[in-house]
Amino acid sequence: MLTKRTNGIPAYRRIQGAIRSVIEAGQLKPGDVVASERELARLHDVSLMTARHALASLEREGIVERRRGVGTFVSAPKIHFNKLMSYTEQMGSRRLTPVSKILFSKIIDNEEEATARLSLSPKSRVLKLERLRSATGEPFALETCYLSAAQFSGLLNVPLQNTSLFSTIERDYGIELRYSDEEVDATVADQRTADLLGVPKREPLLRIRQVIYSTKGIVILYVLGLYRSDRHNLVIRRYR
C-alpha cells in the first residue's frame, strides 16, 4: 500500500513535510545526508514503497539528490522556471534571500538586437541594466535587461540592487506585466561570465531570452539571462 493517511494527510506528504522542515530550519544543509528509505519507513511507520515515493517526489522538486549506492543528500538550492516571475520573486519562492550587484546601468543607443526585440527603431535609446544575481553567498545568474529609455529612464534613479524590477515597473509606472515569449538554449561561459558566476571557463550555462509583455500586449522589456545549470531547472508541462 503506497499511502497511509493520518488526519487526512497521505503518509508520503507527511514525510516530505518533515524533511522540508529540518532543511528550512537549517538542521540539514546542502550536502548533508538525509535519512534512508528504510530509516524513514521505520521512523514514520510506513512501507518502504511509501518512503521511496516521498524521496522521489522531493528529488523531482530539486530538494534532495539521490546517488545510487551512496545515499540521499540535501541538494544545493535550485530555481525553477515555471512561472513569469522576477528573479527576486523566484528566490523568495525558494525561501532564499536574493542579492543583486549592478554591473552596468546606462542609457545607450547601439543595441540593435535589443531595440528589435523591444519593437523600437534600430537607433532608439535603451536603458541597459546588467545585474549579477546571488543567494546563499554564491552567484546564481547574470541578467541583462533592456527597456525603452524614452519611457523608463527614471529607473536609473531606483536602487535596483535590492528592489524587484518587475514590482517597480508595476508600482511606479502602472504597467501590469502578463506574459513572455522565451527562447531557451545552452551556451558556455566566456572568461568574464565564468569569473562572475564562479564557474570554470566554458562551463555549460542555461541561456534564456525573454520578451516580456504587458496585459495590453505591448513589449515592456527584453531580458537576456545566463544561468548556472547546476542551480536552475526549466520545468515544462506538455499536453497531448
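The values are calculated or read from the model by the stated rules, or taken from the named source; none is laboratory data. What you are looking at is a predicted structure, and each value in this text was computed from that prediction instead of being measured. Virtual Cβ from ideal backbone geometry, glycine too; neighbours counted across all protein chains shown. Areas reflect the complete protein model, heavy atoms only, side chains present, ligands, DNA and RNA absent. Shrake-Rupley method; radii C 1.70, N 1.55, O 1.52, S 1.80 Å.
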Select from segment 67-93 the residues that are closer than 20 Å to GLN161 by Cβ and part of a loop (DSSP other than H, G, I, E, B) and write down the one among them that is modelled with the highest pLDDT. MET85
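Could you pull out every one of the strands (runs of 3 or more DSSP E) wholly within segment 143-230 that has 1 or more residues that are in contact with a strand residue (DSSP E or B) (Cβ under 8 Å, 6 or more places away or on another chain) and loosely packed, with under 15 Cβ neighbours inside 10 Å? Steps first, answer last, please.
Values: elements: 177-188, 204-214, 219-228.
Qualifying strands (runs of 3 or more DSSP E): 177-188, 204-214.
Go through segment 33-62 and count every residue that is open to solvent by less than 40 Å² (accessible area, probe 1.4 Å) and assigned to a helix (DSSP H, G or I).
Step one: of segment 33-62, the residues open to solvent by less than 40 Å² (accessible area, probe 1.4 Å) are 34-35, 40-41, 46, 50-51, 54-58, 62.
Adding the requirement that they be assigned to a helix (DSSP H, G or I) leaves 40-41, 50-51, 54-58.
Count: 9.
Quick check on my filter: what residues within segment 132-178 are among the β-branched types (Val, Ile, Thr) and either farther than 20 Å from LEU197 by Cβ or more than 21 Å from the chain's Cα centre (by Cα) (or both)? Steps first, please.
Step one: filter segment 132-178 for residues among the β-branched types (Val, Ile, Thr), giving 136, 144, 158, 163, 168-169, 175.
If the condition is that a residue be among the β-branched types (Val, Ile, Thr) and either farther than 20 Å from LEU197 by Cβ or more than 21 Å from the chain's Cα centre (by Cα) (or both), then VAL158, THR163, THR168, ILE169, ILE175 are the ones that fit.
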Expected output for segment 161-189 (first residue closer than 15 Å to LEU224 by Cα, partner open to solvent by 80 Å² or more (accessible area, probe 1.4 Å) and part of a strand (DSSP E or B), Cβ below 7 Å, 6+ apart or cross-chain) is none
Selection within segment 1-19 - at pLDDT 85 or above and open to solvent by less than 80 Å² (accessible area, probe 1.4 Å): ALA11, TYR12, ARG14, ILE15, GLN16, GLY17, ALA18, ILE19
